[in-house]
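All remarks here apply to the structure that follows.
The values are calculated or read from the model by the stated rules, or taken from the named source; none is laboratory data. Quick caveat, the model's predicted, so the values are computed rather than measured. Every residue, glycine among them, receives a Cβ derived from its backbone with ideal geometry; neighbour counts consider all protein chains shown. Note: accessible area is taken over every heavy atom of the protein model, side chains too, but ligands, DNA and RNA are not part of it. Shrake-Rupley method; radii C 1.70, N 1.55, O 1.52, S 1.80 Å.
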Amino acid sequence: MKASFTLIAGPCSAESREQVLAAAEGLKDAGLSYFRAGIWKPRTRPGAFEGVGSTGLPWLQEVQREVGLKVCIEVAKPRHIEEALEAGIDMVWVGARTTANPFQVQDIADALQGVNIPVAVKNPTQPDLALWSGAVERMQRAGIQDLMAVHRGFTVHGQKTYRNAPLWQIPIDFRNAHPDIPLLNDPSHITGQRDMVPDVAQMSVDLGFDGLMVEVHPDPDQAWTDAAQQLTPKRFVELLQELDFRSDAQGATHERLAALRSEIDVIDEALVELLARRMGVSENIGLYKKDHGLTILQNARWKQILRQSAQLAEGQGLDAAFIEDVYKAIHQASIAAQRKVIRDRSK
Ligand code: PEP
Ligand code: MN
């Protein structure tokens, strides 16, 4: 692990003094930068548990005093900031639903004006890089020096694998736009499932993220919020040991190379997914042609595709001959796929 790696862990919600202290005790020697616990919880539906509120502040002070960990909470209103500062909370974070609302972010930035406390800004729920950057810039204008960003995934319609789709290209773009702001990953809210947490955490390490925020609960199945995604302290410590920090093995000079290669992996995944989608559409075209007595190769259309792709290539500064080769390969595969789908149907 690099020396500057930021580790934040703790329960989704503070539930009781005993639960908070048990979580903190379990994490005592895990090398945390901050212990987390939500006391004001943004819930999607009314009537759900909305956090213990200010009642939880003395429990966190006890963690500071008795366990010796720094503590952080989510803030969504100026009043939350006043109470956090008064209680001596060490760091605050802005949650995903708050980042999505510039009015609310500005209220928080105003309340933080002239205050010297570290702040983490989670990405907004929607996949909108500008909204995330905007929230960070409001904090910078308020004079916050110690800023972090947390990637916790995005709401994407129809998404099934993840609770919040990681859309890795967005944090990669964020990092390039804000190279000086440490970028943490929150695999708990991305996956929504504890079994998937290690894999996403490793992906973020491969992409050169600067830290992790992970939900850890002494008895995850009994948690009042986000039960399915929380880890026991023991499992969290194991996860830290399992993480493969390539830069350690290969020497710090290769850290940038590893990050760039992981960026290529993300793009390749998207490329293959697009090709598969194109092929699916192409097969439907094949069936349509069959039903309407059209030949598979429509030469005028093929020439149009070649012209179009050459223009697009030029616009992107790509070599036209290279793109022509790529398109010829795609076209060949497309014709083969159309013939196959027609053959299979007539069997
Ligand atoms: C949380 O960290 O508990 C939380 C509510 O996260 P998010 O804002 O990412 O949904
Ligand atoms: Mn949570």
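So what's segment 119-177 giving for Rg/Rh, alpha carbon basis, Kirkwood Rh from the mean inverse pair distance? Please report the intermediate quantities before stating the final value.
Values: Rg = 12.2 Å, Rh = 12.0 Å.
Radius of gyration relative to Kirkwood radius: 1.01.
In whole angstrom, how long is each semi-axis of the equivalent ellipsoid of segment 69-177, when you take the square root of 5 times every eigenvalue of its Cα gyration tensor and sort them from largest down?
Details: eigenvalues 124, 41, 31 Å².
For segment 69-177, the ellipsoid semi-axes come out as 25, 14, 13 Å.
Mean separation of Cα pairs under 8 Å and 6+ residues apart, divided by the residue count of segment 80-122: what relative contact order is that in percent?
On the way: 32 pairs, mean separation 24.4, N = 43.
Contact order relative to length: 57 percent.
From the phi of every residue in segment 177-189, what ³J(HN,Hα) in whole Hz does the Karplus formula 6.51 cos²θ - 1.76 cosθ + 1.60 yield, where θ is phi - 60° and glycine or proline is x?
Listing the rounded values in order: 7, 10, x, 8, 9, x, 10, 9, 10, 10, x, 5, 6 Hz.
Just want to confirm a number: the relative contact order over the chain, from Cα pairs under 8 angstrom separated by 6+ residues, in percent. Intermediate results must be reported in sequence, preceding the final value.
Values: 557 pairs, mean separation 45.3, N = 347.
Relative CO of the chain lands at 13 percent.
What's the magnitude of the charge dipole for the chain around its Cα centre, counting Lys and Arg as +1 and Asp and Glu as -1 at the beta-carbon? Answer in Debye, nearest 20. Provide the component values of the computation, followed by the final result.
Numbers: 38 positive and 45 negative charges, 380 e Å.
The dipole of the chain has a size of about 1820 debye.
Please compute, over every Cα-Cα pair in segment 1-66, the percentage with a separation greater than 17 angstrom.
44
Compute the accessible area per residue over segment 149-253, keeping the other protein chains in place, probe 1.4 Å, unit Å².
43
With contacts defined as alpha carbon pairs under 8 Å and 6 or more residues apart, what's the relative contact order of segment 98-181 in percent? Each step should come with its number before you reach the end.
Numbers: 119 pairs, mean separation 24.4, N = 84.
About 29 percent, as a whole number.
Could you give me the ³J(HN,Hα) list for segment 331-341, computed from phi with Karplus coefficients 6.51, -1.76, 1.60 and θ = phi - 60°, whole Hz, x at Gly and Pro?
5, 4, 5, 5, 5, 4, 5, 5, 5, 5, 5
When each pair of different Cα atoms in segment 6-242 is counted once in the 1/r mean, what is the Kirkwood radius in angstroms, to one decimal? Let's see the in-between values first.
Values: mean 1/r = 0.0570 Å⁻¹.
After inverting the pairwise mean of 1/r, the radius is 17.5 Å.
Let me know the number of lysine pairs in the chain closer than 15 Å at the Cα, not counting same-chain pairs under 8 apart.
Details: Lys28/Lys70; Lys28/Lys234; Lys41/Lys77; Lys41/Lys122; Lys289/Lys340; Lys290/Lys340; Lys290/Lys347; Lys303/Lys328.
Close lysine pairs found across the chain: 8.
Hey, got the dipole for segment 304-347? About the Cα centre, +1 on K and R Cβ, -1 on D and E Cβ, debye to the nearest 20?
Details: 7 positive and 5 negative charges, 116 e Å.
Dipole about the Cα centre, nearest 20: 560 debye.
Which whole-number percent of Cα pairs in segment 255-346 have a distance greater than 22 Å? Working shown, then result.
On the way: 1758 of 4186 pairs.
Pairs farther apart than 22 Å: 42 percent.
Would you give the gap between the C-alpha center of segment 47-77 and the C-alpha center of segment 300-347, rounded to a whole Å?
Distance between centres, Cα-based: 58 Å.
Of Lys160, Lys289, which has the most accessible area with a 1.4 Å probe, and how do the rest follow in descending order?
Numbers: Lys160 185, Lys289 25 Å².
Descending order: Lys160, Lys289.
What percentage of the solvent-accessible surface of segment 261-312, computed with a 1.4 Å probe over protein heavy atoms, is contributed by carbon and sulfur atoms?
Details: 2330 of 3970 Å².
Solvent-exposed carbon and sulfur of segment 261-312 make up 59 percent of the total.
At 1.4 Å probe radius, can you tell me the per residue accessible area of segment 255-346 in Å²?
Details: 6720 Å² over 92 residues.
In whole numbers, segment 255-346 has 73 Å² accessible per residue.
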